[in-house]
Each structure stands twice: as C-alpha cells, then as structure tokens.
1. Could you tell me which numbered condition residue A:150 fails, if it satisfies all but one of (1) within 14 Å of chain B (Cβ to nearest Cβ); (2) closer than 30 Å to residue A:308 by Cα; (3) in contact with a Ser or Thr (Cβ under 8 Å, 6 or more places away or on another chain)?
2. Of the residues in segment B:457-493, how many are assigned to a strand (DSSP E or B) and modelled with pLDDT of 95 or more?
3. Filter segment B:72-99 down to residues that are within 11 Å of chain A (Cβ to nearest Cβ) and without any contact (Cβ under 8 Å) to a residue 60 or more places away in the chain, then give me how many there are.
4. Residues B:130, B:139, B:107: which one is more than 16 Å from the ligand (Cβ to nearest atom) and either in a helix (DSSP H, G or I) or at pLDDT 90 or above (or both)?
5. Identify the residue in segment B:261-287 that is over 32 Å from the mean Cα position of the chain (by Cα) and modelled with pLDDT of 85 or more and, among all such residues, is farthest from residue B:317 (Cα to Cα).
6. For segment B:1-19, how many residues meet the condition of being closer than 25 Å to residue B:512 by Cβ and part of a loop (DSSP other than H, G, I, E, B)?
7. Going by what's in this entry, would residue B:52 be described as assigned by TED's automatic domain parsing to the domain that holds residue B:129 and in a loop (DSSP other than H, G, I, E, B)?
8. Within segment B:523-536, can one find any residue that is modelled with pLDDT under 95 and within 16 Å of the ligand (Cβ to nearest atom)?
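The values are calculated or read from the model by the stated rules, or taken from the named source; none is laboratory data. Keep in mind that this is a model prediction, so the values were computed, not measured. Every residue, glycine among them, receives a Cβ derived from its backbone with ideal geometry; neighbour counts consider all protein chains shown.
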Amino acid sequence: MEDLLFWSSVLLYAAFVLYFISTVLFAATIKDKRHEKKFTKLHLLALSTTIIGFLTQLSYFITRWIASGHAPVSNMFEFVTFFSMMLVLAFVILYFIYRIEMLGLFALPVTLVIIGYASVFPQEISPLVPSLKSHWLYIHVTTVALGEAILAVSFVAGIIYLIKQISQERLTGRNFLLEVIIYSIFSAIGFAVISWGFTLADYSATFELEVDEQQVEMEYTLPAIIGPYNGTLITENKMDGIIPAPEWLHGVEASKKLNTLVWSLLVGLVLYGITLLILKKRVAKAIQPLLNKANPELLDEVCYRAVAIGFPVFTLGGLIFAAIWAQEAWNRYWGWDPKEVWALITWFFYAIFLHLRLTRGWHGEKSAWLAVVGFAIIMFNLIVVNLVLAGLHSYA
Amino acid sequence: MNVIKCEACGYENSSGTAICNNCGKPLDKDNNTNLLNMRYDGRAIRSKTRNTSIVDKIWNFFSSIKVGVSLIAIALIASAIGTIFPQSPYIPSTVEPAVHYRDQYGIFGQIYYQLGFHELYSSWWYMILIALIGISIFIVSLDRGIPLYKALKNQNPKRHINFLKRQKLFGYYSQYSPKDYDTLKANLKKHRYKIYEKDGHILAEKGRFSRWGPYVNHTGLIIFLIGTLLHFVPYMYVDEFIWVREGETEIIPGTGQKYYVENQDFIFETYGDDEEDAKFSEMLERQGTVVAKHYETKAIIYKDTSEGVIGSEPTLEEVTRGSAIVNEPIKFDGFALYQSKYQLNEFQSMSFKLHETDDPEEQSLLEFTVDFADPERVYTFDNGFKIEINKYYPDYVLDDDGTPRSQTNYPRNPAFVFFVYPPGEEEPEVSFIGIRQNLDPSQSNQYRIGLTGIDVRDVSGLNLKKDLTLPVLGLGAFIFMIGVIQGMYWQHRRIWIHPENGTLYIASHTNKNWFGMNKEVEKIMQNTNFEMLEDQENKVTKDK
Ligand code: HEM
C-alpha cells in the first residue's frame, strides 16, 4: 500500500512535468510561422504529450483510488487535482473540435497553477466519515469537476479574446482590469511558492491567545505578517505578528487565513513586478503580438460553446446529483449550506450568460468578460467558500 | 387588427411580422441588405405587438429577456448575501440568535440579524423573487414558444430570393449542371438532412427538435418550482426528530400517534480500531480526534392497532425491524427513519450504598439504585432508614456565583442532594453526591452515601421523514436536463436551395454553432463544382 501511494505521487509529479513540456510545445507551434493552419508534426507532438500527461495523471488517480479504497475526491488536495485533470480533458475535447493551439498555451499553465495550489494541502489519504460513504459522492464530485472544467475553458478562450482585442496603446480601465486578472494568477502561483518554501524550511511559530475565555495555541506555518488578535508569540526566534488581525475578524484561524492571503498577494506582486521589469511593458501588451494569428470570432464561439457544453454537465453534477446525495446523506436535498448556495449562484450566473447571448450586443468582448467573471465565481467557490465560509462540505 | 400584406405573394400577415409567413420575403425595405434577424423566423410575437391593456403591460414585462435576466441577477446577489454569515440552522442551538450574531460578528452581525438575513432563504421577499422568475419563465415560454412552433411547422420550401440573400451563409452559381444539383441533394441526404421540395426549390433541415429545448427545460423548471411549493401542503411533507434511548420504546412524532420505535441497540465504531485503517494513521494523528467510521441503530417499528379512545393503552404490533444506518434509513408505510445524531454513554442509573462515616470497611447498611428515566423521590428500607432525594440535577454545573443548576434535562452529569433519615430520626443528614464528588456540608454526618455503580446507555437521534414532493422535484429536474441537453447538444440547421433563371442560390442558417455549420456545408459541397458559401457577416465587417 505504502508503495502504491508513493508511485501514485510520482505519477502526479510526472504529469505535472509533461504538462509543462506540452505548454512549451504549444508555444512553439504558435511561434512556428511557416505552416499556417496546418496540423504539423509539432502539433501532433504537443497534442500527444498533453494526452500522455493526462493518462499519467489518470494513472495517479487510479493508483490512489486502489491505495485508499475510495475514489480520491474526498479532500481539498484530491478534489483540486481532479479538477486540474478535468481541465486538461476539457481542453483536449475542445481542441479536437476547434484545433486552437492558443487554448493549450493558456489552459495548460492554468492547470499547472492549479496543481501547484492543490499540492499545498495535506496529501495523506483520509478516512471517510459515514455521510461521505456513498456512490453518489463520487458521481457528484466528478461531474461537478468536469462541468466546472469545461466552463473554465470558456474563461481561457475569453481571456485570450480580451488580450487580443483590447487596445493596448494606452492604459485604460479595461486593460488595467486585464492586468488585475493576470496579477491574480501570479498570486495563485505566489501562494503555491510561498507555502512550499516554508513547508520545506519547516517553519513553525506558535501563538497563544484567548478564545471564548480559553487559552488556545495557534500554529503559523508562514511568518506572521498578520498576527492573531491579542496573541503572544511563544516560539523563540520567530517573527512576531507585524500587524494584529482586526478584532472583528472572527472564526477559527481567521487571522492565519488572512496572513496567508496577504503573503500570496505580496509574493504575487513581487513575481508580477519582476515580470514587468523583464518585459518592460504591461503583461497583456507583451502577450498581444503572440496572438496575431488568433481568430477572434472563433475564440468568441469557443467561449460560448464551452458554456453551452459545460452548463448541462454542471447542472447535473452540481445541483441534481448533489441534491440526490444530500438527500441520501442528510435526508434533505437542499440545505442552503454556503457551498450549495455558491453552486446555485454559479448556475444562475451561467443561465444569465446564456440568456444574454440571445440578445444582440452581448457577443464578443462583453461575453468574454462574463466568462472571466464566471470563472472567478467557480474559483471563489473552490477557494474562499471551502476555506473561509465553513459549511458541511468544507474539507479538512 | 392591422395586417401587413406581402407585396410578393399577397399573403396577409399579422402586424409585427418581419418575414412573410408564406413566401419568406423580408417585409422591411426591399433595398435593405442587412442580415435578417431570424429569431422565431420573423413571426409576430405577442409582447412585441400589443401594449395597450394592463394585461398586455404585465405580459410584456414578464416576457422581456432583460427583465428575466435582471430577476435572476437579483436572486444571485441575494443568495450571495445569505452566505456572508452562517444561516440560523448552522449556528449553535444553545444560544439566542440575536446574541450570537452580535457577539460573533459584531455590528455587521447585528445588522445582518435585524434585516432578517440570518433566515434569508425562507424570507417572504426571497420566495417572491423566485416566484417572479417562475412567472416570467411561464409567460415567456408562451410568448415565444407558440409563434416559433407555428413558424417551424408551416415552412414553405420555396422562399423569396431576398430571404436567401440576407442569410449569413450565402452563395450563387450561374453555370451549374443538373449533376451538381443531384450530388448536392444526395450529399444533404447523406448528412441526414430531411428534404422538402417544391418546384425544384429545396428546404433541407435537421435538428428542428433542438429548438424546443428551451421550452422543455423551462417546463421542467416550472414543475420543479411547483414541487417546492407542494412542500407547504399538509401531509406532503413530514420532518420530525426524536431521541430514543437504548432499550426504550417511544412514539414517533408526526405519525399521528400511530407508530412507535424501539431502540434495541446503538452501535458505534471509529477509525483506527481495524488493522486495515493503518493507512489513515498519519491523518488521524495529525487531527488528534476520534473519527467516526460507522454507526447504526438496531430498531423495531411498531404500529398501534388499538381502535380505542385517545389515552387508552396502545396495542403494539411489529411492522418491521432493521438497522438505521447513515444513508440507509428504515422504511415503513411511506415514512423513512434516518440515523441522524447520537449521544454516547448517557447515564441510565446510579447505584449507591450507605455506610457509617467512620467505618473503614465501609460495610453496607443498605443499597439502592436511582433510575434516571423514572427517579423515585423516597426510598424506605426494612431496617428503618429512609432516604429522600431532595434535589436532582441531571446535567449539573456550578454557576458563576456558585449556585448549582442543571444545564439540560438529560442525565449527562447527574448530581443529587440526599436527605438521609436514620431510624427514628426526624432531622435528616444532608449529603451532596455527583460524579467524583461527595460532600458533607455539615461536616458531621454519621452516615455516608457511597457510589457503587453506574449504568450507561447510548441514545440515538432519529429523524423521521416523509417527502411526497420528491417525485415531482425529480420529474422537474429530469425534464429540465432533457431540455438543456436537447437545446445545447444539437442545433437546428437549415439549407435553402433556390433555382431561378439558370442560377442556383444557396443559403443556410443555424440557431447556434456556426463553426459546425460551416464545416458541414463544406462537406456537403464536396464533389460538386460549387464553391463554399460566403459568410456575409464577415464581408460586412470587412467592408467597413
Ligand atoms: C434560472 C432560470 C432559468 C434557466 C436555468 C433558463 C435556462 C435556459 C436555457 C438553458 C435556455 C437555452 C439557451 C440557449 O439555447 O442558448 C433558455 C432559453 C431562453 N430562456 Fe431561459 N432560463 C431561465 C429563466 C428564464 C427567464 C426568467 C426568462 C424570462 C425572460 C427566460 C427566457 C428565455 C428565452 C426567451 C429563451 C430563448 C428561447 C428560444 O431560443 O427559443 N428564461 N433558458
């Protein structure tokens, strides 16, 4: 068993490397100006590396399933890696339909960031509490992940569209917003980098503080920029909180979460700053010339198609299967738990997207922005709701 | 009512029509070359043609997509607000909500509570919002669905030339051979198009059913919403909760005093007991808490078959027996009994003995047992002793000011004040006894009560459910899924072929996925001398 678990992690690592290589290969297909609109050997190589990467990750999934005895979608690490795998699948499907390399050049790095984000969570296999022991759990979680991944491709198409179409001559509100989106991706990388860094360095600082008239200890694994409210550092030679968390910030470990957020944003800012220095211009402006060959109408079409394909899958997994499972586990099909509500919000949002597409004037740029907002909602549900607005679903 | 007479064929169209219902001639100016708006095939739509009476105004309000989208957007924002702080079912049940929101979340929590956001999803305005969305869906479906149905049912294969010219994909060929025409037709058939012909004009069509997708899915949504309303109809929905102690039989609430449940045994297992759980050891150690692996209640369900008046002794007949496990309820007569909560090791009884305070042997003078389900007040003994329970605290705590009280009515931490009357005495000795406590307030008691044994048992929290709305909800969800899949995964594609004066005009239309339509037209044109149709939308933008 231990062995299997070890190999399973190796496979995930290998998949990560393969995705990285395919990103480079897809970049090369776009640089390759000799062959317009042709499926060359380079294209084949990029596509097959991606597919081999996917199969490798699938093997990780299967081996881990065998090792743990249940489908590995039961904690944050497992769910997020599964989501990344579905993202690759969704990209491959849409690549087969539309043959847009650009999609790979953006979707695969997003996948890498997501795997990096996942790897920060505890990776040991965890037992299932009784209410999670149901086939509906697997059916529900896997379908949601697939649906959200297909919807995420619409974000990828949307962001390419925006970078290509929005004028980069002067700094305007719109291309500033684009930079903000790019910066948030850098912050996600920042989160992974910083968490890994201090985990490898075995950083730990313990604070003592009073909660509900009891002395409790809180362990920080990142140096405390934001310390706990009214906390005292008890580990020696470690950084004390620079700024205490505001008093109104309640909830378990709220200050720790805020600290992590501040760290991610800061490291993101550093990474973004370095990128700016190297490029000597806005990131979107630097990317724009690479997108010369992209066909905006086709991107718009993909942006919409991905929603059209993903919406039914998401409804089935995120609402219907979820309700069946909730009915089984807690004998109520709907309980207005934050996680459920955010699934409903996601659904409302994409319903709005589809209806607006029916009216004139909402194609192109506007719908690309909508796709970005939709992805932000999905990420909000995955990150903020899980970690901050605790509920029944909040994984360890 | 106004009619618009078609100049080409003389057909009288109702006002608001954009494309002649008979011959397909666009009814706007002849020299207009903009692409046609093909929604509902140019049929007149009620909400776009009438706007006089109050009914019209209401109708038009609800059938506007802008209004529909705004309603959904408001519902979205409202739903998000409801997740800022936990809803009332998710706060601890031991505190007053008003206090909890203020203490936990400060001034914002207080405002949140006062606005009623702690029960947002059952508030009247949220329900009205959802109802308005339902009404909007209903009206819009009639408003658009009926004209669309009529338009697609009576399609004339022979369309006016201007109709073709103003389609997005369009082309014409002057020197075509009959062979090309036949290959084209054969190719259309090969791609599973249905062919309608009239005087050499062709309408090739496929996937029309996908146009009903939105109407099917909206119907599903309406059925679903009706299902949620049925929730409030009596007898459709029962949701009750009971605690049953091991060995006891209780009436099941919500069944009209008809059903009883006996808790035979409660079984509880945790992770880490089994060898096969070794793989979880790392995680269990990190968390440092017990993780439940399995729990179940073995129970018997009885039915009261006595026909007697209320209050008479029930006659219990066994209906079924089984185990209520999480995810697997015991089912009987339309009800389901779910394993919901549990309370381990609740005290069932405590046994005591009395001995002389200075007797080192602690030889027993008498023994008695207090049963918490039914504690007796006074215990008398043959040797003349009498013991009275003066105070009983089932769940004992000391208040801040030092007064003892009971937190709950459940025997979780029982404590007693006993009065011991030795034979012949009128004045009792007072003893206070609890778990790991034995006090003699006077410090001069001759007799001492000692605890000799404790019996514990588990308590199962069972949840009785009956939900007759589930089939309706399931049906609604199912129809919704059929509708979205049919509307999203198929497209309605049409190709018109129009021969005129030796020239063949071809145009095509799809309601979505133009990329796929283009590819298909390319394939259909294969092996003919026709060139690919031109995308006129691109041409227009390029010309600009
Ligand atoms: C949350 C509620 C709703 C959901 C999930 C929903 C879902 C859908 C879907 C999936 C489509 C097909 C879209 C497409 O083919 O691209 C559609 C079409 C449509 N919906 Fe809704 N809808 C909802 C509420 C409404 C409301 C409130 C209105 C009121 C104005 C409305 C009006 C329409 C119209 C006019 C169409 C186009 C029908 C056609 O193309 O023939 N919908 N709806």
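1. (3)
2. From segment B:457-493, those assigned to a strand (DSSP E or B) are B:457-467, B:493; that's our starting set.
Retained after the next criterion (residues that are modelled with pLDDT of 95 or more): B:493.
Residues meeting the conditions: 1.
3. Restricting attention to segment B:72-99, the residues satisfying the condition of being within 11 Å of chain A (Cβ to nearest Cβ) are B:72-90.
Filter once more, so that each one left must be without any contact (Cβ under 8 Å) to a residue 60 or more places away in the chain: B:73-90.
Number satisfying all stated conditions: 18.
4. Details: B:130 fails: more than 16 Å from the ligand (Cβ to nearest atom); B:139 fails: more than 16 Å from the ligand (Cβ to nearest atom).
None of the others qualify; the one that does is B:107.
5. Looking at the filtered set, the residue picked out is B:265.
6. Filtering segment B:1-19 for residues closer than 25 Å to residue B:512 by Cβ gives B:16-19.
Within this subset, residues satisfying the condition of being part of a loop (DSSP other than H, G, I, E, B) are B:16-18.
Number satisfying all stated conditions: 3.
7. Details: assigned by TED's automatic domain parsing to the domain that holds residue B:129: yes; in a loop (DSSP other than H, G, I, E, B): yes.
So residue B:52 fits the description; yes.
8. Within segment B:523-536, not a single residue is modelled with pLDDT under 95 and within 16 Å of the ligand (Cβ to nearest atom).
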